[in-house]
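Inspection log for the structure reproduced underneath, given as structure tokens.
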Amino acid sequence: PNNAFSKADAMTIYNYVVRKRMPESVDSIFAMMNEMIGNRADGATTNVIPGAYGEYGLCVTNPIPTRGIPANEVYLRKLALLSGKPFHWERIGSFGAPNIKMPIDGYAIISDEGERLCTIYISPYQKVISNKAPKGFYIK
């Protein structure tokens, strides 16, 4: 009645969410985390994912391969625009493509003046961090 919320209430909610959303075994949790850091048996080992099509990095069907989710930031920090303009990025979500097994992360590339320049698509479930740049960019 007083909108009182205790630590015990928080733990009850937390335990419920963990039981409902997390895999049941430690092995399942390990496997999921291992994939997130780029340790996949079937990941690409080249700058372009085999079977990809469309404009490299600018089309969801031809995402840039990276080794694990943290490597997305590593890759994006290596990019520079051919025009020399400074830019930043914002993650806009997770996408799917018919030719790529795992989720693909999309990043809006935004000039420091606020103009949205393009979207870059990255596949973080591969075995390499690509050294290839999309059209309009180069690797520093």
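The values are calculated or read from the model by the stated rules, or taken from the named source; none is laboratory data. Quick caveat, the model's predicted, so the values are computed rather than measured. Virtual Cβ from ideal backbone geometry, glycine too; neighbours counted across all protein chains shown. Surface accessibility is based on the protein's heavy atoms, side chains included, excluding ligands, DNA and RNA. Shrake-Rupley method; radii C 1.70, N 1.55, O 1.52, S 1.80 Å.
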*Expressed in nm to one decimal, what extension gain is obtained for the pair residue 110 and residue 92 from 0.36 nm per residue of sequence separation less their Cα-Cα distance?*
5.3 nm
*Integer Hz, Karplus 6.51/-1.76/1.60 couplings in order for region 90-98, x for Gly and Pro*: 9, 5, 10, x, 10, 10, x, 9, x
*Give the ranking of 117, 76 by solvent-accessible surface, highest area first, calculated with a 1.4 Å probe.*
117, 76
*Using a Förster distance of 22 angstrom, determine the FRET efficiency expected from the C-beta separation of residue 80 and residue 128, and round it to 0.05.*
0.65
*Amide H contacts of residue 118 (H built 1.01 Å from N, under 5 Å, at least 5 apart or other chain)*: 109
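Where in region 30-77 are there GluC sites (Glu not before Pro) that are in a DSSP coil and have at most 13 other Cβ atoms within 10 angstrom of their Cβ?
Working: sites: 35, 55, 73; in loops: 55.
Qualifying residues, ordered by number: 55.
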*asked:* At 1.4 Å probe size, what's the solvent-accessible area of residue 69? Round to the nearest 10 Å².
replied: 60 Å²
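For 30, 87, give me the order by solvent-accessible area with a 1.4 Å probe, most accessible first, ignoring ligands, DNA and RNA. Don't skip to the answer; put the middle values down first.
On the way: 30 130, 87 35 Å².
Largest accessible area first, the list is 30, 87.
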_Please report the equivalent ellipsoid semi-axes of the chain, computed as sqrt(5 x eigenvalue) of the Cα gyration tensor, largest first, in whole Å._
34, 22, 12
*Which whole-number percent is the relative contact order of region 84-139 (Cα, under 8 Å, 6+ apart)?*
26 percent
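Using only helices, what value at 222 nm comes out for the chain when you add -39,500 (n - 2.57) per DSSP H run of length 4 or more and divide by the total residues, to the nearest 500 deg cm²/dmol?
Values: 3 runs with 35 residues, N = 140.
Computed ellipticity for the chain at 222 nm equals -7500 deg cm²/dmol.
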*Of the accessible area of the chain, with the probe set at 1.4 angstrom, what percent is carbon plus sulfur?*
57 percent
